[in-house]
Amino acid sequence: ETTLLNIEVNVGRTGALTPVAIFEPVTLAGTTVSRAVLHNYDNIKEKDVRVGDTILVRKAGDIIPEVVKSVSHKENAEPFVFPSLCPVCGAEVENDGEEAAIRCPNPDCPAQLLRSIEHFASRGAMNIDGLGTAVVELLVNKGLVKTVADLYTLSAADIEILDRMGSLSAQNLVSAIEKSKSSPLDRLIFALGIKGIGSRSATLLCERFGGIKEIMAAEISDITAIENFGEILAENVYKAM
């Protein structure tokens, strides 16, 4: 048991607003944890979790911290109200009624850009060594990167003027970005962050169409012919490409 101090709402690369429980640190399965994802607003309402509550937390599968339930409410604790505006860009959030996620619809939301670039550079995607969260934030905040494509126009001179980035670090990052150009096509498709497309789905797309031009030219009916590709997933690919 521990005390829930706050519920923080983060914005992901697809615009989904994800609530995160911030609680008094507690030791679970040998490590100290103080945060746990609450997944969505429906989950908060179902468990009736309120700031100030005494909550029960555990590690699901001995790995992922999870809020099991609210043990008791603090006196006068109010139910959590999900924000109606994106906490980062201020856009009015949306819910299409078909899924639990509430999303920021603004494609220019800085948080979505940050998460998109982080995903693009991640090990399972384009695997750009040295392009971690801190560096991505520096690049975005300085206006050097506004889309993932901008990564490939960066020079060492652009990067080395950033805080905590010297000439060697800058050159290493440029080299890592250049190296990523030789990544297999399925990694690029996964890196683009198309909603619903994981690494396996990206591989299936590439096996079916063979090249990026062929994927871009594919109709929705062509995409739904792939095993386990339904209409919605096919539409996501079609719109993104």
Requested in this report: List, in the order given, every pair from Lys142/Lys179; Lys47/Lys195; Lys47/Lys239; Lys47/Lys146; Lys142/Lys181 whose Cα-Cα distance in the structure shown is over 30 Å.
Outcome: Lys47/Lys239; Lys47/Lys146
Query - the chain: most fluctuating residue of Ala202, Ala36, Ala217 per GNM, C-alpha cutoff 10 Å - result: Ala217
Report task. Run the quick spin-label model on Lys195 and Asn6: label points 7 Å from Cα toward the beta carbon, then report their separation in nm to one decimal. Result -> 2.9 nm
Report summary line: Any trypsin sites (Lys or Arg not before Pro) in region 90-154 that lie in a DSSP loop and have at most 13 other Cβ atoms within 10 Å would be Arg123, Lys142, Lys146
Report summary line: Taking Lys and Arg as +1 and Asp and Glu as -1, residues besides Thr3 with C-beta under 9 Å from its C-beta add up to -2
Report task. Give me the number: length gained by fully extending Ile64 to Leu85, i.e. 0.36 nm times residue separation minus the C-alpha to C-alpha distance, one decimal in nm. Result -> 4.7 nm
Query raised in the report: With every protein chain left in place, what is the accessible area per residue of the chain in square angstrom, probe 1.4 Å?
Result: 56 Å²
Query raised in the report: Of Thr54, Thr31, which has the most accessible area and how do the rest follow, probe 1.4 Å?
Result: Thr31, Thr54
Requested in this report: Please return the longest stretch of the chain lacking exposed loop sites, where GluC sites (Glu not before Pro) count only if DSSP places them in a loop and at most 13 other Cβ atoms lie within 10 Å.
Outcome: 100-218
Query raised in the report: Quick one: with all protein chains in place, what share of the accessible area of region 132-238 is carbon or sulfur, to the nearest percent (1.4 Å probe)?
Result: 51 percent
Report summary line: Taking a crude spin-label model, label points 7 Å out from Cα along the C-beta direction, the Thr32 to Asn95 distance in nm is 3.6 nm
Query raised in the report: Length gain on complete extension for the stretch Ser182 to Thr224, per 0.36 nm per residue less the alpha carbon to alpha carbon distance?
Result: 12.3 nm
Report task. Specify the inter-centroid distance of region 179-239 and region 49-80, based on alpha-carbon positions, in whole Å. Result -> 39 Å
Query raised in the report: In the chain, which cysteines lack any other cysteine Cβ under 4.7 Å from their own?
Result: Cys206
Report task. Express the carbon and sulfur contribution to the solvent-accessible surface of region 1-84 as a percent, rounded to the nearest whole number, probe 1.4 angstrom. Result -> 48 percent
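The values are calculated or read from the model by the stated rules, or taken from the named source; none is laboratory data. Model, not experiment: these values are computed from the prediction. FYI the Cβ positions are ideal-geometry reconstructions off the backbone, even for glycines, and counts take in every protein chain you see. Note: areas computed on protein heavy atoms with side chains; ligands, DNA, RNA excluded. Shrake-Rupley method; radii C 1.70, N 1.55, O 1.52, S 1.80 Å.
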